[in-house]
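The values are calculated or read from the model by the stated rules, or taken from the named source; none is laboratory data. Everything quoted here is computed from the prediction, not taken from an experiment. Cβ atoms come from the backbone with ideal geometry, glycine included; neighbour counts cover every protein chain shown. Heads up: the accessible areas ignore ligands, DNA and RNA and are worked out on the full protein's heavy atoms, side chains in. Shrake-Rupley method; radii C 1.70, N 1.55, O 1.52, S 1.80 Å.
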Amino acid sequence: MIEKGTKIAEPKGKVGVLLVGLGAVSTTFIAGVEAVKKGLGKPFGSLTQMGTIRLGKRTEGRFPKISEFVPLAGLNDLVFGAWDIFEEDAYQSALHAGVIEKELVNQLKPELEAIKPMKGVFDRRYVKRLDGHHIKQGPNKWELAQQLIDEIDRFKAANGLSRLVMVWCGSTEIFIQPSVVHSSLECFEAGLKNNDENIPSSMVYAYAALKSGIPYANGAPNLTVDVEALRQLAQQNRVPICGKDFKTGQTLMKTILAPGLKARLLGLSGWFSTNILGNRDGEVLDDPDSFKTKEESKLSVLEQILQPDVYPELYKDFYHKVRINYYPPRGDNKEGWDNIDVFGWLGYPMQIKIDFLCRDSILAAPLVLDLALFLDLAQRAGMHGIQEWLSFYFKSPMTLPTLYPEHDLFIQLMKLKNTLRYMMGEEQITHLGLDYYQ
Ligand SMILES: NC(=O)c1ccc[n+]([C@@H]2O[C@H](COP(=O)([O-])OP(=O)(O)OC[C@H]3O[C@@H](n4cnc5c(N)ncnc54)[C@H](O)[C@@H]3O)[C@@H](O)[C@H]2O)c1
């Protein structure tokens with residue numbers, strides 16, 4: 001654990017942001033950063049760019065911007081690199097994704113065209129609905145990891161970078177449970193060499209990142225760094241890691257609403273969630289094995305927030321269902337419906353309906369930016385291993401196996417801000433407030 005007010009290295013030099021997958025989220029993120037740099041748009045949704053933090057007592061009036069409080073890298077210091085299994089550069093891929101208007105994408109054409117994806121590590125066994133051909137070849141997964149490590153070194157040298165971070169924005173892989181090969185670094189490295197089928201492509205990238213001392217964030221629900229072997233490697237090489245699965249659309253709404261219902265002791269008999277979306281992510285999730293990975297991630301939040309064991313009369317046996325339907329006409333513009341059956345005083349039933357017409361990648365892009373900047377900050381502050389304070393960004397926050405994750409968005413935000421205060425030697429805020437009245 002770092003000390004309160006620990007010394008944080010200055011963010012000198014350029015930071016490489018390595019994105020695995022150059023699809024809708026990655027291109028919306030990159031194009032967004034370039035647009036902000038040119039004054040063509042604002043970074044709404046990003047805590048590092050728009051957020052403030054209260055310091056000290058309410059009477060002190062200290063509310064600096066987070067970017068002025070902690071030493072973060074600036075947007076002009078970011079250099080983007082990516083891997084994908086399709087050859088399209090970031091310009092073509094952004095047009096293909098259709099999230100950002102063509103007119104704006106064209107204004108950013110030179111910057112986006114310059115980002116050409118490196119060949120991916122990919123095996124269709126883990127993402128059945130994709131069939132790309134821009135793929136690295138090698139006799140085993142160990143060799144593929146070495147290729148990634150060499151490529152990262154070259155990327156760093158060619159761009160004169162002082163630091164790097166990696167964010168997984170690739171597709172959702174099939175559901176995999178921890179097994180023997182994940183139980184220690186030794187078993188894992190042996191597994192890489194003998195092509196163990198329980199090591200999907202995402203783990204090969206994560207291994208390469210951690211071996212290279214690069215922080216890793218997992219934007220998909222894939223198991224990846226959430227296993228003992230890679231946690232060990234992160235500790236050993238003093239690298240921060242976090243995940244899993246960006247918390248955007250429907251789950252974001254759930255973790256905003258559920259804490260409110262619980263705060264007022266309103267009971268829940270059922271929560272039915274259904275989505276339609278038509279982007280490539282939707283197509284991948286149309287495969288039941290990839291959907292299973294996503295479903296696990298989406299289902300866990302209500303149980304943890306509502307604590308049925310602690311409040312059996314209110315939350316025991318509530319029915320929870322999540323559906324995702326691939327519906328091409330909508331593209332990235334997802335529609336998520338929630339029907340929530342609640343009950344109040346004397347058990348009288350009530351219903352809440354939500355219809356969130358959201359834009360998936362517009363919600364995810366600022367999270368990629370914040371995670372890249374905060375992981376870089378964490379590493380400069382000497383923090384390593386699981387970064388629980390970044391739970392705010394994830395549907396299935398990583399914790400030690402002995403802890404349960406916090407899903408309540410407001411607890412997550414308090415945890416994040418208190419971590420920043422702690423890093424900078426400021427008092428934590430408890431909201432007690434009795435001292436104002438003494
Ligand atoms: N957009 C959101 O709101 C949101 C929220 C939570 C999680 N996610 C997750 O983020 C990820 C990206 O979402 P998206 O909408 O950009 O999807 P996308 O399909 O547009 O992009 C994913 C890209 O990853 C590439 N890819 C897949 N496997 C790869 C590999 N092994 N190596 C290199 N590239 C690979 C694909 O070719 C594709 O271009 C998905 O896993 C999605 O589930 C998105």
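Within region 149-184, how many residues turn out to be over 24 Å from LEU367 (Cβ atoms) and assigned to a helix (DSSP H, G or I)?
Residues that pass the stated criteria total 11.
So, in region 250-284, how many residues would count as being open to solvent by 10 Å² or more (accessible area, probe 1.4 Å), within 16 Å of the ligand (Cβ to nearest atom) and not polar (S, T, N, Q)?
8
All but one of (1) more than 16 Å from the ligand (Cβ to nearest atom); (2) under 21 Å from the mean Cα position of the chain (by Cα) hold for GLU295; which doesn't?
So GLU295 meets the others, but not (1).
Starting from region 120-133, take each residue that is farther than 18 Å from PRO221 by Cβ and list its partners that are more than 8 Å from the ligand (Cβ to nearest atom) and part of a loop (DSSP other than H, G, I, E, B), counting only C-beta distances under 6 angstrom and pairs at least six apart or across chains.
VAL121/LYS136
Does region 277-296 contain any residue that is outside any helix (DSSP H, G or I) and on the phi > 0 side of the Ramachandran plot?
no
Any idea which of ASP338, ASP332 is touching a residue at least 12 places away in the same chain (Cβ under 8 Å), within 30 Å of LEU164 (Cβ to Cβ), open to solvent by less than 60 Å² (accessible area, probe 1.4 Å) and not in a helix (DSSP H, G or I)?
Testing whether each residue is touching a residue at least 12 places away in the same chain (Cβ under 8 Å), within 30 Å of LEU164 (Cβ to Cβ), open to solvent by less than 60 Å² (accessible area, probe 1.4 Å) and not in a helix (DSSP H, G or I) leaves just ASP332.
Identify all residues within region 341-360 that are within 12 Å of the ligand (Cβ to nearest atom) and open to solvent by less than 40 Å² (accessible area, probe 1.4 Å); write none if there are none.
CYS358, ASP360
Any idea which residue in region 79-114 is nearest to GLY382 (Cα to Cα), counting only those that are surrounded by fewer than 21 Cβ atoms within 10 Å (Cβ to Cβ) and of a type in the set (A, V, I, L, M)?
Out of the qualifying residues, it is VAL79.
Would you mind finding the one in LEU363, LEU369, LEU375 that is in contact with a Ser or Thr (Cβ under 9 Å, 6 or more places away or on another chain), open to solvent by less than 20 Å² (accessible area, probe 1.4 Å) and hydrophobic (A, V, I, L, M, F, W, C)?
Checking each option against the conditions leaves just LEU369.
Condition check: within 16 Å of the ligand (Cβ to nearest atom), small (Gly, Ala, Ser), open to solvent by less than 50 Å² (accessible area, probe 1.4 Å) and at pLDDT 95 or above. Does GLY120 satisfy that?
yes
Can you name every residue in region 16-69 that is assigned to a loop (DSSP other than H, G, I, E, B) and within 16 Å of the ligand (Cβ to nearest atom)?
Matches in region 16-69: GLY21, LEU22, GLY23, PHE44, GLY45, SER46.
Which of the residues that make up region 160-184 are within 16 Å of the ligand (Cβ to nearest atom) and under 18 Å from VAL121 (Cβ atoms)?
MET166, VAL167, TRP168, CYS169, GLY170, SER171, THR172, GLU173, ILE174, ILE176, listed by residue number.
Restricting to region 185-213, give me the number of residues that are within 16 Å of the ligand (Cβ to nearest atom) and either part of a helix (DSSP H, G or I) or touching a strand residue (DSSP E or B) at 6+ places or on another chain (Cβ under 9 Å) (or both).
Number of matching residues: 10.
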